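Here is the structure we will look at, set down as structure tokens.
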Amino acid sequence: MSTSSPTKTSTYPVSYFKILIAFGSAALIIGSIGILRHEKRIDRFIKLSNDGPHIQNVSSVPELISTIKNLANETTDCFLQNQKCDFDYEFTPVPHILTADRKRSDVKPRTWIRHETRLNGTRKINVLYFNERKDYLMKTDRYFYDEVTAAVSHPRLEVRVWGPGWEGYIPKLTSSENIRRTFPNISFDIIYSKTRHFNITSTTAVVIHGTADCHQHNCLRDDVYPTHADAITFRYAGLILEFARPEQWASREKQRIKKLFPNLNATQRQNMEQPMPFFFHSPDCADDTLLHPIPGRKEWEQFRPHKIRLIGSHQKELYPLRYTIWKGIKSGKIKNAEVYEHVGNTLNKPTKKTIPSQQLEIGIFDPNDPVISHHRKNQQNWANVLATTQICVFDSSIVRKAIRKFQESFLSGCVVASDIPLEMEDIFRDVVIPLRVDMGVHEINEILQTYLQDTKRLRWMAKEAFKRARMHLTCRNKVDRLLQAAAMVLRGERGYWFPFGFSATCRKFWTGDKYTTEWCRNNKR
């Protein structure tokens, strides 16, 4: 635009603007979480005035429409062809504070002496994922190791995986002594533990413990819960509010110290109580290199011969909605549906002798380790189940949590039918077929059949959920949250961090009223 002869700006009324947006299929953009990534490509066409948005120049209208169409097509292209998407989440820069020299205070618990003037922005961050080997060999839920795989791909991280049962671990030593003995030349920056049976301390590392369920309130009663961790992360947000309030932590510490040291007086015991750690929510992730639609299709429903599948355990006590659906499928009252039987929480390794990766030094993670080939096979089969199904049916359990089946189904292009978890509601809005635990079989069947006949709607739901998952729910996201939480600890943050929203309403943590959330226990609906 010439400064001497400015071009006249034409404006169009809001109604015309809305027509343009509809014509350009902008619902895929405006309705999508994460619109900020693309807004700079659109806002240069639009200006705001007192009576709403206007197209800045009539000549920009075709370009605006073209831009909107291109953004919508980005999802379709990478969704159908298993290509890298422009909206895929990428690692963010490592927080500078993680590279600073530091040591733990000898006087005040969970306090750090930092030398932030001595930053080394190029050095790699040393991370130890600490877990028991029997979990590595047997657990079918591989969320911890999917995160490790993503961490290994981070260009700024040096990752080790190790713990009880792994080569070199001596049971008679403490976990902290074992770590120092096995890795004498590594000053870890972060130690992330999945097992709650070992209290780890470190002079250099931010110690973070990951936890999941708290059935029967076991996380409050566990004597060996990681009281010395700098931070504790929950996979499910609402559980933090219900089990990690300050008064609960203080009460638990009093009981723990009194049990361990019954002969100390009240003042001595109080001095030994640990202050409350930093708590944060880090939801499950899923491996987008494993879970994706089958490439080569022209439409979403192609290569999806299974119309409706109930997936996961249908144990009545924990999954009442699934149990109702399971009965409906078995009785033939829910049509076009089948049951995919859950393989269970553990999977024993094959009887055939397998040789582990011997050429690697202790702690180096090998995603192709022969001793876990049975898990890789099971994961590949699971990925195929999701990728060949149109509607994946399950529920969020009586806890109403965002279980990993949501993330896995979204990445695979399988439209989810479930009740809505009490967390990350914005992620699930409009892309989940909404069911309720109080629905009967006939109502559930009517809803599922109605959606099944609306292929156009299912296509949109699948693509939009896929996009949200690739932006927010990959294991790269989860690795970055770990780094961000460690940086927050080093900065002296206290309290709670909730990267996503959640609702603190009614849920249960096992059967029986005493395991219902406190604010709902005496107010039955």
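The values are calculated or read from the model by the stated rules, or taken from the named source; none is laboratory data. Because the structure is a prediction, the values reported are computed rather than measured. Cβ placement follows ideal geometry from the backbone for every residue including glycine, while neighbour counts extend to all protein chains displayed. Protein only, heavy atoms only, side chains kept; ligands, DNA and RNA dropped before computing areas. Shrake-Rupley method; radii C 1.70, N 1.55, O 1.52, S 1.80 Å.
Quick look at the numbers
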item	result
Centroid-to-centroid separation of segment 423-488 and segment 404-418 [C-alpha atoms, Å]	6 Å
Rg [Å, one decimal], Dmax [Å, integer] - segment 259-346, C-alpha atoms	24.6, 74
Segment 438-492 - Debye-derived log10 I(q)/I(0), Cα point model, q = 0.13, 0.28 Å⁻¹	-0.60, -0.98
Contour minus Cα-Cα distance for residue 216 and residue 341 (0.36 nm per residue)	42.4 nm
Computed E for residue 96/residue 186 - FRET, C-beta separation, R0 30 angstrom, nearest 0.05	0.90
q = 0.16, 0.17, 0.18 Å⁻¹, segment 292-449: log10 I(q)/I(0) [Debye, one scatterer per Cα]	-0.94, -1.02, -1.10
Pair residue 105, residue 273: separation of 7 Å Cα→Cβ label points (nm)	1.9 nm
Length added when fully stretched, residue 134-residue 303, from 0.36 nm per residue minus Cα-Cα	57.1 nm
Pairwise FRET efficiency - residue 174 versus residue 259, Cβ, R0 = 22 Å, nearest 0.05	0.70
Length released on extending from residue 153 to residue 511, taking residue separation times 0.36 nm less the Cα-Cα span	124.7 nm
Highest to lowest packing among 82-88, 432-438, scored as the average C-beta count within 10 Å	432-438, 82-88
Theoretical FRET efficiency, 1/(1+(r/R0)^6), r = Cβ-Cβ of residue 245 and residue 500, R0 25 Å, to 0.05	0.80
Nearest-10 value in Å² for the accessible area of residue 333, using the 1.4 Å probe	100 Å²
Probe 1.4 Å, protein heavy atoms only - accessible area per residue of segment 83-180 in square angstrom	50 Å²
